[in-house]
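Data block below; observations after.
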Amino acid sequence: MERRSFIKFGGVFALAGTAAYAGFLEDHSKAFTFEKSDKAMNNLYGSAKAASSDKVTLTVPDIAENGAAVPVTVATDLKDAVMMTLFVEKNPYPLIAAWEIHEGTIPEFSTRIRMGKTSDVTLVVKTKDGKLHMAKQQVKVTVGGCGG
């Protein structure tokens, strides 16, 4: 292949890859705008239902003294995980985070989230076969974080 052709086709493939990635981000960004967790979940996963799993770990405090900075750690032992999402049911916008899991990635993340009031926090993990696994825990908020 001539250098000019290689550069021409390389540019086309790079542009196509960028467009596909932008489409991925666009699809996920809409889910962050829903005010109900079931609608956000439906936007991301369709009609698939999540089942509780001991291979999905959600670590949050039982009581958060400050809703403005609630520590959260999420992880999974599922080897074929492709996506993890975190929801806080009673937040104004319940979808808090979405992580795309690539092969070779250790699916464990820690962060701090805002919670406006006592609510269920749910971690959903999607596997390659499209199955959804979840862990859920209620966090009691004693001082408001989002809007309180």
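The values are calculated or read from the model by the stated rules, or taken from the named source; none is laboratory data. All values reported here derive from a predicted model rather than from experimental measurement. Here the Cβ is made from the backbone with ideal geometry for all residues, glycine too, and neighbour counts use every protein chain on show.
Restricting to the range 100-130, give me the number of residues that are part of a loop (DSSP other than H, G, I, E, B), surrounded by fewer than 16 Cβ atoms within 10 Å (Cβ to Cβ) and of a type in the set (D, E, K, R).
Result for the range 100-130: 3.
Please determine, by comparing only the residues of the range 32-55 that are within 23 Å of Val141 (Cβ to Cβ), touching a strand residue (DSSP E or B) at 6+ places or on another chain (Cβ under 9 Å) and of a type outside the set (S, T, N, Q), which one is surrounded by the fewest Cβ atoms within 10 Å (Cβ to Cβ).
Top of the filtered list is Phe32.
Considering the range 49-63 alone, what residues qualify as being over 23 Å from Glu100 (Cβ atoms) and without any contact (Cβ under 8 Å) to a residue 60 or more places away in the chain?
Asp54
From Thr57, Thr122, which residue is over 21 Å from Phe34 (Cβ atoms) and modelled with pLDDT of 95 or more?
Unique residue meeting the criteria: Thr57.
Take Val141 and decide whether it is at pLDDT 95 or above and crowded, with 17+ Cβ neighbours inside 10 Å.
In short, no.
Would you check if His133 is assigned to a strand (DSSP E or B) and either within 14 Å of Met84 (Cβ to Cβ) or modelled with pLDDT of 95 or more (or both)?
So His133 fits the description; yes.
If you check every pair at least six apart or on different chains, which have Cβ atoms under 6 Å apart with a residue in the range 64-86 that is under 15 Å from Ser119 (Cβ atoms) first and a residue that is in a strand (DSSP E or B) and hydroxyl-bearing (Ser, Thr, Tyr) second?
Correct list of pairs: Val72/Thr111.
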